[in-house]
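All remarks here apply to the structure that follows.
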Amino acid sequence: MSDRRISSLSPAFQPYVLELMTKLTEAFEPDGLVPYITDGKRTLSEQKELYGKGRTVLQLRKAGFTNDEAIRYSKSKARVVTWTMDSYHLQGLAIDIAFLDKKAGKLTYNANWRKVGDIVKSMGLTWGGTWKTPDRPHIQLDQKPMESHMDTEALWEHDAKEWAQGHGVIENWDNPRKPMTRYEIAATLMKFKNKFIL
Ligand SMILES: [Zn+2]
């Protein structure tokens with residue numbers, strides 16, 4: 001199990017993962033298997049790289065990639081490995097696991113995944129094994145809508161924030177989710193107008 005992978009996860013998710021690893025370790029001891037985290041928090045470019053697998057340049061353009069990115073990331077002959085660009089891995093709210101087969105000395109996916117699912121669900125976590133397109137190694141923390149709205153950031157919000165900061169349209173981001181006053185909106189619009197000479 002990789003400590004670095006755990007420490008880069010969302011602080012809200014870390015205690016769950018530690019407890020889950022303990023439970024899985026106990027449950028799979030008789031099978032000679034040790035749980036192992038293969039993937040945790042991903043950067044946006046790591047997610048783009050994964051999303052590019054099994055998709056054409058055109059498909060990536062439709063998913064919002066720039067032309068350069070679409071050309072760089074498209075690996076249309078590869079197998080599709082992810083279904084979304086809005087992955088919980090981006091927020092550090094998901095892990096993927098495999099098992100270390102102690103006898104064979106290598107990683108395996110040949111395990112009793114039903115047992116994994118039962119443990120995951122008993123902890124209130126979401127297991128990818130129940131999805132329409134099952135993703136059995138995937139485990140994520142679904143936060144309540146309000147919490148999730150306050151703590152995590154959608155891709156489009158992230159992009160908008162980077163853009164606005166980069167162009168100096170908005171400078172003070174100490175609490176980006178606090179509603180703007182009408183004066184702040186007016187000031188922001190004026191900055192935008194002056195910046196781009198509308
Ligand atoms: Zn995953």
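Numerical summary
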| read-out | value |
| --- | --- |
| Residues located in the range 60-107, provided they are within 11 Å of the ligand (Cβ to nearest atom) and touching a strand residue (DSSP E or B) at 6+ places or on another chain (Cβ under 8 Å) | 81, 82, 87, 88, 89, 93, 94, 95, 96, 97 |
| Which listed residue, of 22, 43, is among the hydroxyl-bearing types (Ser, Thr, Tyr) and within 15 Å of the ligand (Cβ to nearest atom) | 43 |
| The listed residue being loosely packed, with under 12 Cβ neighbours inside 10 Å, in a loop (DSSP other than H, G, I, E, B) and among the hydroxyl-bearing types (Ser, Thr, Tyr), out of 82, 133 | 133 |
| Residues that are in a strand (DSSP E or B) and either hydroxyl-bearing (Ser, Thr, Tyr) or touching a residue at least 24 places away in the same chain (Cβ under 8 Å) (or both), drawn from the range 96-115 | 96, 97, 98, 99, 100, 101, 107, 108 |
| One residue from 131, 163, 127, 173 being modelled with pLDDT under 80 and not basic (Lys, Arg) | 173 |
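The values are calculated or read from the model by the stated rules, or taken from the named source; none is laboratory data. All values derive from a computational prediction rather than experimental measurement. No Cβ is skipped: glycine too gets one built from the backbone with ideal geometry, and neighbour counts run over all protein chains shown.
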